[in-house]
Structures are given as structure tokens and as C-alpha cells.
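Peer 1: Starting off with a structure, shown below.
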Amino acid sequence: MRAIRSFFRHIRDGFRNLFRNGLMTLVSIFTMTLTLIMIGSFVLIWTNINEATRNIEQTFQVRVLIDRIATEEEEAALKTQIQGLEHVTDVVYRSKDEELEHYKKTITSDFDVIEGDKNPLNNVYVVSVDKGENLDKVAQDIRKLAKVEAANYGSTDVETILGNINAVRIVLAVLASIFVVFAVLLVSNTIRLTIFARRTEIEIMHLVGATKRYIRAPFKYEGAYIGLISGLLAFGALYGIYEGAHSYLPGFLGLANLQLVATIPIMAYVGAGLLVIGIVLGRLGAGRSIRRFLDI
């Protein structure tokens with residue numbers, strides 16, 4: 001029964017301390033809110049880069065030129081063989097006449113002079129793969145099949161794009177790791193200042209016989225409250241920023257086809273994560289500060 005009363009007393013005292021130390025509480029909330037906004041921003045950027053990567057990889061395809069002397073039965077057999085290869089997700093047939101129409105639309109209408117029997121193009125299979133990094137393997141496997149004249153995918157451009165994307169991912173991962181460590185230290189030091197301002201109160205509690213656990217408890221709950229409030233503020237700010245980015249970023253960058261990940265459910269996950277991270281950071285920061293600074 002006594003433990004239950006102490007539990008609720010710590011919760012009450014932690015909540016009261018938010019108002020008793022108004023200025024330092026505001027400083028702590030401001031610092032943690034900025035920290036959580038930056039962490040949430042990293043998550044949103046990372047998620048959108050991964051989504052953009054998947055969209056880009058879906059455009060990477062292997063163009064298979066079918067041997068001109070292949071019969072319809074041999075072309076059908078070749079398609080079955082390609083579909084059975086590892087990492088292949090789709091195979092689309094395009095006749096040489098469809099290829100010619102495609103070149104007319106994308107390059108020049110001067111190809112009109114080679115219509116009909118003069119068409120030198122091949123029938124092709126356009127092969128989609130699951131990941132861009134598997135393009136080379138799929139192309140090599142296709143080249144080994146009968147009735148294949150060539151299998152190409154523009155290796156230089158693809159490797160450059162994938163290399164750049166992976167480099168961005170690595171940089172973001174390193175920055176995120178560094179920033180999480182920095183966030184813990186920043187929040188901890190801010191709460192440490194709050195505790196320093198109340199050192200007399202803590203010394204009195206020591207003198208009247210309060211245990212270390214009893215003294216630490218209200219500060220940990222106070223840190224959790226600060227984290228909860230900061231998480232809510234950070235979520236509200238990020239939600240507004242992300243909604244604005246959805247509406248105005250494509251036009252601002254001049255990229256009409258740019259599509260960000262849908263606000264829901266990604267912001268629901270980010271919001272829940274920010275609340276949890278805020279509470280954990282608040283408790284850890286308070287516990288670390290009171291333990292190390294006051295040697296309690």
C-alpha cells in the first residue's frame with residue numbers, strides 16, 4: 001500500500017515540478033522538441049529516399065533483342081525461359097513495329113522512311129527485375145539463352161544512379177547515428193541545469209532521510225512529462241511541415257512527377273515513435289543527470 005501511495009506521489013510531484021520550475025521547463029521542452037523534430041525529419045527523409053529508390057528501380061529494365069530468324073514458337077519458349085530466371089518480375093513483348101513507333105515518339109518522326117519491310121529493328125522482350133542491383137546478373141543469364149541477339153540495360157547510368165543512392169543512404173545513416181548520441185547528451189545537459197537549480201531542495205530531502213530512489217523518482221517522471229509534451233509539439237510541427245511539402249515541394253523544385261510518401265500512415269508511425277523516444281530520452285536524461293551531477 002505504501003509503495004502505491006509513493007508511486008502516485010512521485011507522479012504528482014513530477015507534474016507539479018513542471019510548473020514550479022517554469023523557465024527551465026520551457027528550456028528543456030524547447031531543446032527536446034527541436035531534437036525530436038530533427039530525428040523525425042531524418043526518418044521522413046530516409047523513408048522517402050527508400051520509396052524513391054524503389055520507384056527508380058522499377059524503371060530499370062533489361063531490353064532483350066530477339067534473333068530475327070526466331071519463329072513465334074521459339075519466341076514463346078524464350079519468354080518462358082526468361083520468366084523462370086531468378087529476380088525477373090515481368091516480361092513484356094514488343095514487336096519491331098511497336099519498337100519503331102516508340103522511337104518515332106521519343107526520338108524523331110524521320111523513322112517513317114524505314115516502315116514495313118525496311119524496318120531493321122528486332123522484336124524485343126522488356127524484362128523487369130526486382131532490384132536494380134540484380135540487372136547485370138539477369139542480363140548475363142539472358143545472354144546465355146538461345147535466340148537472344150543482345151541483352152542490354154545501360155549499365156553505366158544504372159550503376160551511377162545506384163551508387164549515388166547508396167552513398168546518400170550511408171551518409172544519412174551516419175548522420176542519424178551521430179545525432180541520436182548528440183540528442184541524448186543535449187537533453188541530459190539541459191535537464192542537468194534544471195536539477196542544479198533545485199540542488200537545495202534535493203539536499204534537504206537527503207538530510208531528512210529520503211532514499212536515493214525516492215529522490216530520483218520525481219525527476220524521472222518530470223523528464224518523462226517533458227518528453228511527452230515535446231513529442232506532441234514535434235509531431236504537430238512535422239505534420240504541418242510534411243503536409244506543406246506534399247503540396248508545394250514538387251512545384252518549388254520543378255518536379256511535377258515527384259511524389260512523397262503518403263502522410264497517412266507514415267506520420268502516425270512517426271508520431272508514435274516521437275512520443276516513445278521523447279519519454280525515453282526524458283527519463284534517461286533526468287536519471288543520468290541526477291546520478292552523475294549530484295552523485296546521488
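Peer 1: How many residues, within region 89-138, are open to solvent by 40 Å² or more (accessible area, probe 1.4 Å), assigned to a helix (DSSP H, G or I), at pLDDT 85 or above and hydrophobic (A, V, I, L, M, F, W, C)?
Peer 2: Of the residues in region 89-138, 0 are open to solvent by 40 Å² or more (accessible area, probe 1.4 Å), assigned to a helix (DSSP H, G or I), at pLDDT 85 or above and hydrophobic (A, V, I, L, M, F, W, C).
Peer 1: Still on this model: For region 62-83, give me each residue that is crowded, with 18+ Cβ neighbours inside 10 Å and free of Cβ contacts under 8 Å to residues at least 12 places away in the same chain.
Peer 2: Selection gives nothing.
Peer 1: What single numbered condition from (1) at pLDDT below 80; (2) under 29 Å from residue 168 (Cβ atoms) fails to hold for residue 86?
Peer 2: Failed condition: (1).
Peer 1: Could you list all residues from region 59-80 that are β-branched (Val, Ile, Thr) and assigned to a loop (DSSP other than H, G, I, E, B)? Full working, then the answer.
Peer 2: If we filter region 59-80 for residues that are β-branched (Val, Ile, Thr), which is where we start, we get 59, 62, 64, 66, 69, 71, 80.
Scanning region 59-80 gives 69, 71.
Peer 1: Now, a different point. How do the pairs read when you match residues in region 168-194 that are under 29 Å from residue 50 (Cα atoms) with residues anywhere that are modelled with pLDDT under 75 and surrounded by 14 or more Cβ atoms within 10 Å (Cβ to Cβ), using Cβ under 7 Å and keeping only pairs 6 or more apart or on different chains?
Peer 2: Close Cβ pairs (under 7 Å, with a partner that is modelled with pLDDT under 75 and surrounded by 14 or more Cβ atoms within 10 Å (Cβ to Cβ)) do not exist here.
Matching residues to (1) modelled with pLDDT of 90 or more; (2) of a type in the set (A, V, I, L, M); (3) surrounded by 13 or more Cβ atoms within 10 Å (Cβ to Cβ):
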{"residue": "234", "(1), (2), (3)": "yes, yes, yes"}
{"residue": "249", "(1), (2), (3)": "no, yes, yes"}
{"residue": "254", "(1), (2), (3)": "no, no, no"}
{"residue": "258", "(1), (2), (3)": "no, yes, yes"}
{"residue": "263", "(1), (2), (3)": "no, no, yes"}
{"residue": "270", "(1), (2), (3)": "yes, yes, yes"}
{"residue": "282", "(1), (2), (3)": "no, no, yes"}
{"residue": "290", "(1), (2), (3)": "no, yes, yes"}
{"residue": "294", "(1), (2), (3)": "no, yes, yes"}
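Peer 1: Assess whether residue 230 counts as being closer than 20 Å to residue 32 by Cβ and modelled with pLDDT under 90.
Peer 2: On the way: closer than 20 Å to residue 32 by Cβ: yes; modelled with pLDDT under 90: no.
Here the answer is no, as residue 230 does not meet what is asked.
Peer 1: Now for a separate question. List pairs: first in region 199-228 and within 17 Å of residue 275 (Cβ to Cβ), second in a helix (DSSP H, G or I) and of a type in the set (Lys, Arg), Cβ under 6 Å, 6+ apart or cross-chain?
Peer 2: Note: pairs meeting the criteria are 220/283; 223/283; 224/283.
Peer 1: Mind checking whether some residue in region 189-211 is out of contact with any strand residue (DSSP E or B) (no Cβ under 8 Å at 6 or more places or on another chain), open to solvent by less than 50 Å² (accessible area, probe 1.4 Å), at pLDDT below 75 and in a loop (DSSP other than H, G, I, E, B)?
Peer 2: yes
The values are calculated or read from the model by the stated rules, or taken from the named source; none is laboratory data. All of these numbers come straight from a predicted model, not from anything done at the bench. Positions of Cβ are backbone-derived with ideal geometry, glycine not excepted, and every protein chain shown enters the neighbour counts. We work out accessible area using only protein heavy atoms, side chains counted, and drop any ligands, DNA or RNA first. Shrake-Rupley method; radii C 1.70, N 1.55, O 1.52, S 1.80 Å.
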